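Student: My questions will all concern the structure given below.
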Amino acid sequence: MECVVQGIIETQHVEALEILLQGICGVPRERLRLHEICLKSGPNLGAVASEVRIMCDLEQTEPSWTVKHIGGAMRGSGAEQLSVLVRTMVESKVSKNVLRLFYALGYKLDHELLRVGFSFRFHRGTHITVTVSSVNKMLKLHSTDEAVPVTPGIQLVEVTAPATSENYSEVASAVSTFCEYLAPLLHLSKPGISTGVVPTAAAAAASLLSDGAGTTM
Ligand SMILES: *[C@@H]1O[C@H](CO)[C@@H](O)[C@H](O)[C@H]1NC(C)=O
């Protein structure tokens, strides 16, 4: 399982967000250049539609492939009270012929994206990964060199943390606590609940940039 929240930030404030994250996490950022291919199952695979994402990390010298299946969100009043989404997730490293395998199984290309940005991985109450990226679409099939932004001037911020059915509430509260540090710059909420940019972002960004980099919190 994983806990997840998302938000958006204007590209002009991303530098300030990076300074803030660097200060909180104390680890260097990792560059992100991820080709994401979303596949949906064909009708021959049973009644339940299935969706998988095949991702290729283009930052590595030797591109490495991962397949990810995002399952349903946890339901019930307990889950609704949490400010983060808890969902099942299966992720696995795969070899580069994975796309051919899924096509052979009857999956069809739904869409593909290129995410460009950076991520931070660290431990703060629990293992947390923050990714900040611009989402691009390809003008031609698989042509990652000719990608254009889907939402120019806006970047997506995603915070994820691995969890189990035993520890998800602890993980959710660690993620919520972490999100409060970012609140002056952006609002993070469950995926699908769009909250827009926060009005304090410009002032918070200006103050972060003038304080200088790397203030440890
Ligand atoms: C919860 O479990 C996951 C998966 O084992 C682990 O990565 C994470 O650190 C745990 N978090 C807490 C707060 O126990």
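The values are calculated or read from the model by the stated rules, or taken from the named source; none is laboratory data. As the structure is a prediction and not an experimental result, all values here were calculated from the model. Every residue, glycine among them, receives a Cβ derived from its backbone with ideal geometry; neighbour counts consider all protein chains shown.
Student: From the list VAL130, VAL90, VAL84, which one is within 16 Å of the ligand (Cβ to nearest atom) and modelled with pLDDT under 95?
Tutor: Values: VAL130 fails: modelled with pLDDT under 95; VAL84 fails: modelled with pLDDT under 95.
Sole residue among the options that is within 16 Å of the ligand (Cβ to nearest atom) and modelled with pLDDT under 95: VAL90.
Student: Could you list, in sequence order, all residues of the range 198-217 that are modelled with pLDDT of 90 or more, surrounded by 13 or more Cβ atoms within 10 Å (Cβ to Cβ) and either in contact with a strand residue (DSSP E or B) (Cβ under 6 Å, 6 or more places away or on another chain) or assigned to a helix (DSSP H, G or I) (or both)?
Tutor: Matches in the range 198-217: ALA201, ALA202, ALA204, ALA205, LEU208, LEU209.
Student: Which residues, taken from the range 57-84, are over 18 Å from the mean Cα position of the chain (by Cα), assigned to a loop (DSSP other than H, G, I, E, B) and charged (D, E, K, R)?
Tutor: Once the filter is applied, which keeps residues that are over 18 Å from the mean Cα position of the chain (by Cα), assigned to a loop (DSSP other than H, G, I, E, B) and charged (D, E, K, R), the range 57-84 yields GLU62, ARG75.
Student: Which number in (1) within 18 Å of HIS127 (Cα to Cα); (2) loosely packed, with under 13 Cβ neighbours inside 10 Å marks the one condition that CYS3 misses?
Tutor: (2)
Student: Exactly one condition in (1) under 15 Å from the mean Cα position of the chain (by Cα); (2) under 22 Å from GLY71 (Cα atoms); (3) crowded, with 19+ Cβ neighbours inside 10 Å is false for PRO162; which is it?
Tutor: (3)
Student: THR131 fails exactly one of the following numbered conditions: (1) farther than 17 Å from GLY23 by Cα; (2) under 19 Å from the mean Cα position of the chain (by Cα). What is the number of that condition?
Tutor: (1)
Student: While we're looking at this one, here's another question. Mind checking which residues of the range 95-122 are surrounded by fewer than 18 Cβ atoms within 10 Å (Cβ to Cβ) and among the hydrophobic types (A, V, I, L, M, F, W, C)?
Tutor: LEU101, ALA104, LEU105, LEU109, PHE122
Student: If LYS140 passes every condition in (1) surrounded by 12 or more Cβ atoms within 10 Å (Cβ to Cβ); (2) more than 16 Å from the chain's Cα centre (by Cα); (3) away from the ligand (no atom under 16 Å from the Cβ); (4) over 19 Å from ARG29 (Cβ atoms) but one, which one does it miss?
Tutor: Failed condition: (1).
Student: Related question: If we keep just the residues of the range 155-188 that are without any contact (Cβ under 8 Å) to a residue 40 or more places away in the chain and more than 12 Å from the ligand (Cβ to nearest atom), which is farthest from GLU18 (Cα to Cα)?
Tutor: Residue satisfying both the conditions and the ranking: GLU180.
Student: Filter the range 96-136 for residues that are touching a helix residue (DSSP H, G or I) at 6+ places or on another chain (Cβ under 9 Å) and among the small types (Gly, Ala, Ser); which is farthest from TRP65 (Cα to Cα)?
Tutor: Applying the filter and picking the extreme gives GLY125.
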